[in-house]
Amino acid sequence: MGRSQLLKGTTTLLVLAVLREGELYGYEIAARIRERSAAFIDPGEGWLYPALHRLEAAGALEASWRESEIGPRRRYYRLTRTGSRMLEAEASEWESFARSVRLVAGGPADA
Amino acid sequence: MPELEGSSRDAFLQGIADGLPFDEAEKLDILHELAGHLADSTARLEADGLTREEAERTALDRLGPPDRLAAELTRARRTPHRLLAAAGAGTWAAASGVIYGYIFGVLILVVVSTVTAELVASVVHTFGGSWGSHLDTTAITLLALGVGAYVAGLKVTPVVAARAGYHLGAARRVTAALGGVLIAGYALLGWSGTLDWPDVAILVSLPAWFVVGAWRATAAAFPSRRWRLQILGLMLVVVPLGLVVGAGQQSQSSGSGGLRPTGVERIGLPTPEAVAAAQGIESGGGKVGGIESIGTAIRDPAVLAGWRDLRVEAWRGTGAVGIDPSLMALDPAARGPFAVGPAGFETPGQIPPWTWSSGDALTDGSVRLSGSVRIDRSPNVTLAWVAITGLGPDGRRYIISGPSFDSTAFNGTAWDWLTAVIEGR
């Protein structure tokens with residue numbers, strides 16, 4: 001399975017996780033994910049904005065425009081309560097899934 | 001369009017804009033966000049050592065093809081909440097479109113019809129003739145409603161498309177189908193009044209006006225100058241129809257009389273002498289709300305002992321009330337009554353179900369024989385002959401009272417009109 005296939009199932013978790021620390025705009029979110037994963041997760045940004053807009057429509061994120069001192073104005077996203085609950089659920093589900101995959105693959109479950 | 005540098009970014013953002021089915025404000029928000037992303041991404045890649053051109057191309061490549069991104073953004077933003085908002089906004093747009101179009105249609109139709117009528121009258125007068133017409137308010141009202149339906153179709157489609165997040169083509173199919181069905185329901189069952197066949201034709205065509213409007217709708221601002229010119233052209237075409245209808249209309253009048261119209265024998269045999277002799281001076285009737293009532297006083301009800309199937313019959317007449325009574329006759333083509341109603345002896349103190357009488361007892365001890373029949377539900381009947389008839393002891397039908405005449409016109413919904421035509425009434 002390619003990384004882009006893996007990414008499809010974890011988009012929500014990745015976006016919500018980086019926004020847990022505070023407000024970010026689209027490019028920053030992509031950059032943060034790239035940095036945190038040591039550039040392992042770097043499939044391009046075509047997936048990012050549809051994911052942000054879907055989460056905003058679902059009430060998990062709130063967005064607001066702000067002027068920038070350098071460059072164009074930015075659209076900042078921040079987590080809502082719904083988004084926080086969604087993050088917990090997604091993280092828990094991912095943990096269970098990853099543990100199961102490790103067990104099947106023969107590795108330690110708590111690695 | 002956000003500030004852009006370079007034709008490839010222009011083309012990319014234009015591709016996104018073309019693929020988004022939202023309104024301008026929402027599109028601009030998305031385009032600004034993506035333009036900002038491209039600027040950041042390009043700056044970062046330049047800082048990493050790429051040339052400006054390479055950095056820009058790479059930034060665009062990382063976002064993927066614009067049509068695919070636009071489609072994914074559209075799907076992401078298309079929520080049930082938007083569909084509800086679209087339904088609300090669409091209803092409002094349709095209502096305001098009908099009102100706008102109706103007012104515009106009435107103004108144009110009245111002005112152009114009046115001017116045209118005056119011009120035609122002047123020309124005819126110049127050649128020594130005379131010509132007169134009046135505006136047919138029903139036809140004008142219905143044609144203006146048609147304009148309203150057309151404008152509603154024009155307005156509602158782009159609003160629904162933008163609010164729901166669907167492209168105009170998809171929204172067209174939905175609004176045309178839904179609006180067409182709703183308008184068809186109203187046109188057939190909702191509108192009620194005095195109708196003739198051109199009115200019914202306009203009513204039946206109302207869904208088509210809406211569907212054409214929905215199909216011709218664009219995302220451009222409404223109303224455009226071109227649209228106004230189209231409507232004006234349309235009105236110039238349909239005005240002659242309004243004038244023809246107006247010229248064909250007859251003024252409504254009512255009355256009754258003791259005429260013996262040609263063809264009266266088809267209603268029934270003449271009143272038997274004994275029955276005629278038993279009738280008092282009081283007789284009468286009239287028309288209220290399309291229901292014609294007729295009655296006569298019978299001094300000795302026993303004279304009708306053995307009679308059965310007393311009823312009121314309405315027969316189609318020819319000629320017109322108030323022009324030349326001698327021209328009024330039963331329609332030679334009429335094979336039977338076009339409408340039949342109940343008749344019977346009244347019980348003093350009780351109001352009969354046919355409602356004409358107050359139920360008061362007659363002073364000379366006579367008993368009132370009365371009945372009523374609806375005469376405004378038959379297309380193409382402008383004059384009705386109404387009589388009380390009954391089957392005598394010999395089994396033959398006689399006229400007991402009448403016939404009296406009254407002018408009439410069809411009154412009801414387009415559905416009533418169509419079913420009456422199908423049933424041959």
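Descriptive notes on the structure:
- Net charge contributed by nearby residues that have their C-beta within less than 12 Å of B:N411 (K/R +1, D/E -1): -1
- Take each residue of peptide A:56-66, count the partner chain Cβ atoms within 10 Å of its Cβ, and average: the result is 2.
- Nearest-20 debye value, region B:7-77 charge dipole, Cβ charges on Lys, Arg, Asp, Glu: 180 debye
- Positive-end residue, region B:7-77 charge dipole about Cα centroid, Cβ charges, pick of B:T51, B:L38, B:L63: B:L63
- Peptides ranked, highest mean first, by Cβ atoms within 10 Å: ranges B:97-110, B:397-410: B:397-410, B:97-110
- Close amide H pairs (under 5 Å, H built 1.01 Å from N) link B:L310 with B:L391, residues at least 5 positions away or on another chain.
- DSSP loop GluC sites (Glu not before Pro) with at most 14 other Cβ within 10 Å: longest gap in chain A: A:22-66
- Taking other C-beta atoms within 10 angstrom as a stand-in for reagent exposure, A:T11, B:T51 fall in the order B:T51, A:T11, fewest first.
- Cα-based reach from B:K155 at 19 Å (exclusive), listing aspartates and glutamates while leaving out same-chain residues under 8 positions away: B:D23, B:E24, B:E26
Computed from the coordinates by the stated procedures, all read-outs in this text should not be read as laboratory data. Only a predicted model underlies this, so the values are computations on that prediction, with no experimental measurement involved. Note: ideal-geometry Cβ built from the backbone for every residue, glycine included; neighbour counts use all protein chains shown.
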